[in-house]
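The values are calculated or read from the model by the stated rules, or taken from the named source; none is laboratory data. Only a predicted model underlies this, so the values are computations on that prediction, with no experimental measurement involved. As a convention, Cβ positions derive from the backbone with ideal geometry for all residues, glycine included, and neighbour counts pool all protein chains shown.
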2 protein chains.
Amino acid sequence: MVANSRTLTRAASLRGGVGAPGSPNTPPTRFFTEKKIQHESLVTGAIESAFKEMDLQIERERTVYNISGGCTALVVVYMLGKLYVANAGDSRAIIIRNKEVIPMSSEFTPETERQRLQYLAFMQPHLLGNEFTHLEFPRRVQRKEVGKRMLYRDFNMTGWAYKSIEEDDLKFPLIYGEGKKARVMATIGVTRGLGDHDLKVHDSNIYIKPFLSSSPEVRVYNLLQYEHGPEDVLILATDGLWDVLLNEEVAEAVTNFLPNCDPDDPHRYTLAAQDLVMRARGVLKDRGWRISNDRLGSGDDISVYVIPLIHGNNLS
Amino acid sequence: MVANSRTLTRAASLRGGVGAPGSPNTPPTRFFTEKKIQHESLVTGAIESAFKEMDLQIERERTVYNISGGCTALVVVYMLGKLYVANAGDSRAIIIRNKEVIPMSSEFTPETERQRLQYLAFMQPHLLGNEFTHLEFPRRVQRKEVGKRMLYRDFNMTGWAYKSIEEDDLKFPLIYGEGKKARVMATIGVTRGLGDHDLKVHDSNIYIKPFLSSSPEVRVYNLLQYEHGPEDVLILATDGLWDVLLNEEVAEAVTNFLPNCDPDDPHRYTLAAQDLVMRARGVLKDRGWRISNDRLGSGDDISVYVIPLIHGNNLS
């Protein structure tokens, strides 16, 4: 690679970017190249804007209605033959097609969003209120370890390397805990969603909100690309369901439930959703609520939608 | 989802993070949970640190040796049966196995790194020197369009939405141009690499370096998982090769070249690399250097390594 293939020469720079800073005062050209924007990007952008706007509305209204707290948000939009599934938080959407599971969302946790969170804290360290460090360590660092070498991970690393422990590394880590117990600033385990504008680190003036993103991930599913049967469905559900049941267990339950319904019953998909809620809640036994294989039922809210895809079939 | 499943109660917070800010002065426990770090993460972390260190060394030495400019960096490390391919820049590595192409790196350009670059500019706007806007528009905005609506894209969007054009939106976009012509601040088309500490926007005091990352992407390939034949190779090459030849063309060329060599010739892989360079440079004809199908040859530096994988076979 030679330098002038990576950086523009003066002449090329002028050709490439009329009106770019540093270019002489050439009169602006009349015609501009314009990026082609696909329809799909417009729907995705509209959904992304809607999430941002909703979060701002919650911020405005929370004083009027005296509502605090936050929530996960999972939305599906059908438009021009495509499903747009937008997720910010710890809910989940899956499509079951021909008994196979197709994930339609991913979860946003301190672990999956580690690099974004560390990068933000690195660039705006005042958000850590002098109490936290943006670096990650395999365990809490002890005072007697200052000056010794320990493994660490920074925002731009996926692996672990050694550093000499400094005073600053004794601060509590921005991200701490593993799996279900991972938390941002020892407080929250979900890193996207709406609301939570007033949430602070316990007994401090450190706000959590700057680390929470209201941006959804939007996945697109082309309904017209497949012929869907009556048991092909989109399932949207909160973590109350997914905490206790695997995708495959949910798929199996729905796939077994639907054929036993009257095919003309308009409520069969609602019944399938109710069945899923019951499977996640379980039955009250001597030692609490129990689901299959004597596992503990969900103690959380359980919301489930089962949406048939057969009506999306291309009839033309 | 209920609030206390997302945020820790006071009691849980103390259990979850002893010594967390805001917790009472409980004596620190003697034992800590420790994250298990895999061997693979240590090698990856060491490579990531090496890239960072190399970039710092270039920064220190550039005054002593009076060397300016920057470069792409592509490294392969073999350790304990695994290949680690680390890439920062616009070089590329592929594995050819049984005539199939396995990409071992991805390119870092203003387009693939748009969100990282916009996020940085959004959080540290002084880096834009009051000359650029971090927002993306489908084309240059004209003064007469102030107050009108236009599509835009921010760091946290993958789609496009509408906004009212303001005075600030008239600034030159941080990322401008499409495909091969995409540039950061009208200057550079590769967003990771080493060096370029002194690179500035033409005729300005705006430095490019803060936007360039020296962090490589590290991909791991387990050599022991497959039995490799004599024509299975790892190819590392600079953009001089990939600008004019597709992965598939390179794979076909190597796969056709190697069987025609003497299998005992220790130089056959070097010869295959030379063959690739010639195919990318082409032959001087009336209208310049031409490669197959009368396409233009590469005008850039062309560096190629062809590394046999057969020596990695598990012999135990």
Out of region B:94-128, which residues are within 20 Å of B:LEU223 (Cα to Cα) and not polar (S, T, N, Q)?
B:ILE94, B:ILE95, B:ILE96, B:ARG97, B:LYS99, B:GLU100, B:VAL101, B:ILE102, B:PRO103, B:MET104
Exclusive hit being farther than 23 Å from A:LEU212 by Cβ and of a type outside the set (Val, Ile, Thr), set A:LEU127, A:LEU151, A:LEU135, A:LEU117
A:LEU151
Check region B:195-202 and report whether any residue there is surrounded by fewer than 17 Cβ atoms within 10 Å (Cβ to Cβ), assigned by TED's automatic domain parsing to the domain that holds B:ILE47 and not aliphatic (A, V, I, L, M).
no
If A:GLU231 passes every condition in (1) within 19 Å of A:VAL76 (Cβ to Cβ); (2) loosely packed, with under 15 Cβ neighbours inside 10 Å; (3) not hydrophobic (A, V, I, L, M, F, W, C) but one, which one does it miss?
(2)
Among residues of region B:286-298, those that are in contact with a strand residue (DSSP E or B) (Cβ under 8 Å, 6 or more places away or on another chain), touching a residue at least 24 places away in the same chain (Cβ under 8 Å) and surrounded by fewer than 17 Cβ atoms within 10 Å (Cβ to Cβ), counted
1
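Which members of region A:46-58 meet the condition of being of a type outside the set (S, T, N, Q) and surrounded by fewer than 16 Cβ atoms within 10 Å (Cβ to Cβ)?
Of the residues in region A:46-58, the ones of a type outside the set (S, T, N, Q) are A:46-48, A:50-56, A:58.
Matches in region A:46-58: A:GLU53, A:LEU56.
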Residues in region B:116-130 that are within 21 Å of A:GLN115 (Cα to Cα) and surrounded by fewer than 16 Cβ atoms within 10 Å (Cβ to Cβ) total 3
Considering region B:36-49 alone, what residues qualify as being part of a helix (DSSP H, G or I) and without any contact (Cβ under 8 Å) to a residue 24 or more places away in the chain?
B:SER41, B:LEU42, B:GLY45, B:ALA46, B:SER49
Among the residues of region B:186-193, are any of a type in the set (Ser, Thr, Tyr) and either in a loop (DSSP other than H, G, I, E, B) or free of Cβ contacts under 8 Å to residues at least 12 places away in the same chain (or both)?
yes
Looking only at region A:60-69, decide whether some residue is touching a residue at least 40 places away in the same chain (Cβ under 8 Å), surrounded by 19 or more Cβ atoms within 10 Å (Cβ to Cβ) and touching a helix residue (DSSP H, G or I) at 6+ places or on another chain (Cβ under 9 Å).
no
Residue check, B:ASP198 in a loop (DSSP other than H, G, I, E, B), more than 7 Å from chain A (Cβ to nearest Cβ) and touching a residue at least 24 places away in the same chain (Cβ under 8 Å):
yes
Yes/no for B:ARG287 being away from every other protein chain (no Cβ under 12 Å), over 27 Å from the mean Cα position of the chain (by Cα) and among the charged types (D, E, K, R)
yes
Which number in (1) crowded, with 16+ Cβ neighbours inside 10 Å; (2) of a type in the set (Val, Ile, Thr); (3) without any contact (Cβ under 8 Å) to a residue 24 or more places away in the chain marks the one condition that B:VAL283 misses?
(1)
Out of all the residues in region B:153-169, is one or more surrounded by fewer than 19 Cβ atoms within 10 Å (Cβ to Cβ), farther than 30 Å from A:HIS126 by Cβ and of a type in the set (Ser, Thr, Tyr)?
yes
Which pairs turn up if I take residues in region A:154-180 that are facing chain B (nearest Cβ under 7 Å) and look for partners that are surrounded by 17 or more Cβ atoms within 10 Å (Cβ to Cβ) and part of a loop (DSSP other than H, G, I, E, B) with beta carbon separation below 6 Å, at least 6 apart in sequence or on another chain?
A:ASN156/B:SER215; A:PHE172/B:ALA20; A:PHE172/B:PRO21; A:TYR176/B:GLY17
Please work out if B:LEU80 is touching a helix residue (DSSP H, G or I) at 6+ places or on another chain (Cβ under 8 Å), surrounded by fewer than 18 Cβ atoms within 10 Å (Cβ to Cβ), within 30 Å of B:MET54 (Cα to Cα) and not basic (Lys, Arg).
yes
Within region A:132-151, considering residues that are at the interface with chain B (Cβ under 9 Å from one of its Cβ atoms) and surrounded by 16 or more Cβ atoms within 10 Å (Cβ to Cβ), the one nearest to A:LYS171 (Cα to Cα)
A:PHE132
